[in-house]
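The values are calculated or read from the model by the stated rules, or taken from the named source; none is laboratory data. Quick caveat, the model's predicted, so the values are computed rather than measured. We place every Cβ from the backbone using ideal geometry, glycine too, and count neighbours over all the protein chains shown. All accessible areas refer to the heavy atoms of the entire protein, side chains included, with ligands and DNA or RNA removed. Shrake-Rupley method; radii C 1.70, N 1.55, O 1.52, S 1.80 Å.
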Amino acid sequence: MKSLLASLAGAGFAALGVLAAHAGTLDSVKARGQLICGANPGLAGFGLPDDQGIYKGLDVDACRAIAAAIFNDPNKVKFLPINAKDRPTILASGEIDVLIRNTTWTLSRETGGMFFTGVNYYDGQGFMVKKKLGVDSALKLDGASVCVQQGTTTELNLADYFRSHNMKLEAVVFATDDEATKAYDTGRCDAYTTDASGLYAERLKMANPDDNIVLPEIISKEPLGPSVRKDDIQWFEIVQWTHYALITAEELGVTQANVDEKLRSDNPAIRRLLGVEGNFGEGLGLTNDWAYRIIKHIGNYGESFERNVGMGSPIKIRRGLNALWSNGGLQYAPPIR
């Protein structure tokens, strides 16, 4: 009996420890007065400071959406620029609250401590070459030198692709993506490889963008999404449902422009989303108008996509796999109910 009581007591203390950990990140963010978000130091469309030093991009909007849900202020975010190889270490160290930096969800990363909350951009790796090279397929890159960033899934996929097609590869590896793109642009390599979204973004920064083409092959699955530490389920849910709120708003036709009007909607799903009915925000540790705050400040997922990477942006990427499930894409949110 004494052993059983001791076990139960131990379980109780363990449960209290878990509950304390669960409450930790949100409380820390509130006490600090700002969210700290791990960001890309310079990828147009996803994370890039403008001329005034203000971060903009699809990933940046995701960070600002979390701040909006917590503080009703999307500007209460500190963006910490992080190189690819440092992502797991910095997330684990506690220097950031969330990593939203075009990071691929993989088994090894998740078991290594990066707990992914979902996919905010479905991507795949591709190749860029100079038109003058006369290559129209990645299968014609046998013996080519390829610029690639170190410590990324991109580097591993590149080696796998060439090996699986019995092609010779000269991988030219750089610590940062900026170094890799500059080396390619100056002729150090025959080709440059990264996620397809990154190829279109980086091409804009080349000395002569029109001299470069993106080859048709997509050689990998690159589900990109936010990640958090594994010790805080409440924080995981806040980050996860922030993305789902953006998707749900687009599904229901709720936009930054009409969100106030939609507060008077008779649609039960819209009323639950905006906090008019139910106490769903309380379940996350937030106010019940948490999703209203997100949409009011950021808009819905489609609006964020369009202005940052879509056809209304300089990058001009079509929705493709990132369209809503109802439009043939993969973006799908569980119901708020």
Crossing angle, helix 233-252 versus the chain [Cα axis fit, 0-90 degrees, rounded to tens]: 70 degrees
At 1.306 mPa s and 10 °C, Stokes diffusion of the stretch 122-189 via Kirkwood alpha-carbon radius, µm² per second: 128 µm²/s
Rounded to the nearest 20 debye, dipole of the stretch 148-293 from Cβ charges on Lys, Arg, Asp, Glu: 160 debye
Inter-site label distance for GLU110 and ASP260 at 7 Å from Cα along Cβ, in nm: 4.2 nm
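Under 1.5 on a/c is rounded, so check that first for the stretch 21-130, then, if it is not, pick prolate when a/b is larger than b/c and oblate when it is not; a ≥ b ≥ c are the square roots of the alpha carbon gyration tensor eigenvalues.
Values: a/c = 1.95, a/b = 1.23, b/c = 1.58.
Oblate shape, in that a/c is at least 1.5 and b/c is the bigger or equal ratio.
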Extension reserve of the LEU80-THR186 stretch, reckoned as 0.36 nm per residue once the Cα distance is removed: 35.2 nm
Unit charges on C-beta of K, R, D, E only; dipole of the stretch 287-337, Debye: 60 debye
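Over all distinct alpha-carbon pairs, what is the Kirkwood Rh of the chain in angstrom? Could the numbers behind the result be given before it?
Working: mean 1/r = 0.0469 Å⁻¹.
Hydrodynamic radius (Kirkwood, Cα only) of the chain equals 21.3 Å.
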In nm, spacing of pseudo-spin labels at ASN72 and ASP50 (7 Å Cα→C-beta vector): 2.5 nm
Solvent exposure of the chain as accessible area per residue, Å², 1.4 Å probe: 46 Å²
Paramagnetic reach from LEU330 (point 7 Å along Cα→Cβ, amide N under 18 Å) across the stretch 218-237: 218-227
Carbon/sulfur fraction of accessible area - the chain, other protein chains in place, 1.4 Å, %: 53 percent
Computed over the stretch 273-337, Kirkwood Rh from alpha-carbon pairs, angstrom: 13.4 Å
All aspartates and glutamates inside 18 Å of LYS221 as judged from Cα atoms, apart from same-chain residues fewer than 8 positions distant: GLU110, ASP123, GLU155, ASP160, ASP195
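Given 0.36 nm per residue, what is the gain on full extension from ASP178 to SER137 after removing their alpha carbon distance, in nm?
12.3 nm
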LEU330 accessible area, 1.4 Å probe, all protein chains in place, Å² to nearest 10: 80 Å²
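By how many nm would the segment from LEU321 to ASP231 lengthen if fully extended, with 0.36 nm per residue of separation less the alpha-carbon distance?
Here the segment from LEU321 to ASP231 would lengthen by 29.3 nm.
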